[in-house]
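Working notes, structure below.
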Amino acid sequence: MAAQTSLIGVIVKRGLQGAAAAVVLFVVARLIHFPPVFQLMFVLYALLGTAIFILLDAPAMSPLTGVKALAVLVAFYGVLSAAFI
């Protein structure tokens with residue numbers, strides 16, 4: 001079993017891979033003359049995929065219980081609501 005890596009290591013590794021994917025997608029889309037809105041969408045999809053892979057590779061958190069768990073849950077929904085508004 002592989003040793004657990006730090007969160008910073010995961011972010012750097014996956015961030016570089018995501019940035020490389022975004023650049024490749026942008027250049028290829030530009031070379032085959034996609035409209036600029038699609039070029040931007042391809043880059044955003046690459047960055048979204050990078051964020052998801054960072055979350056999947058992140059080290060496990062310690063379990064939260066009681067009031068602390070409730071506070072984190074409310075804060076999470078608050079952030080999501082603010083982002084969507």
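The values are calculated or read from the model by the stated rules, or taken from the named source; none is laboratory data. Just so it is clear, the model here is predicted, and its values are computed rather than measured. Cβ: placed from backbone, ideal geometry, glycine included. Neighbour counts: every protein chain shown. Heads up: the accessible areas ignore ligands, DNA and RNA and are worked out on the full protein's heavy atoms, side chains in. Shrake-Rupley method; radii C 1.70, N 1.55, O 1.52, S 1.80 Å.
Structure notes:
- When each of the peptides 24-37, 56-69 is scored by how many other beta carbons lie within 10 Å of its residues on average, the order from highest to lowest is 24-37, 56-69.
- Residue-by-residue Karplus 3J(HN,Hα) for the stretch 80-85, coefficients 6.51, -1.76, 1.60, Hz, glycine and proline x: 4, 5, 5, 5, 6, 6
- Looking at the chain, the accessible area is 82 square angstrom per residue; that uses a 1.4 Å probe and ignores ligands, DNA and RNA.
- Note on L40 and K68: with the Förster distance fixed at 35 Å, the Cβ-Cβ geometry gives a FRET efficiency of about 0.35.
- FRET efficiency, 1/(1 + (r/R0)^6) with R0 22 Å, evaluated for H33 and L55 via beta carbons: 0.05
- With respect to the chain, whose longest principal axis is taken over its alpha-carbon atoms, helix 36-57 is tilted by about 30°.
- FRET efficiency for S6 and S81, using Cβ-Cβ distance with R0 set to 35 Å, rounded to 0.05: 0.70
- C-alpha long axis of helix 7-31 to longest principal axis of the chain, angle in °: 20
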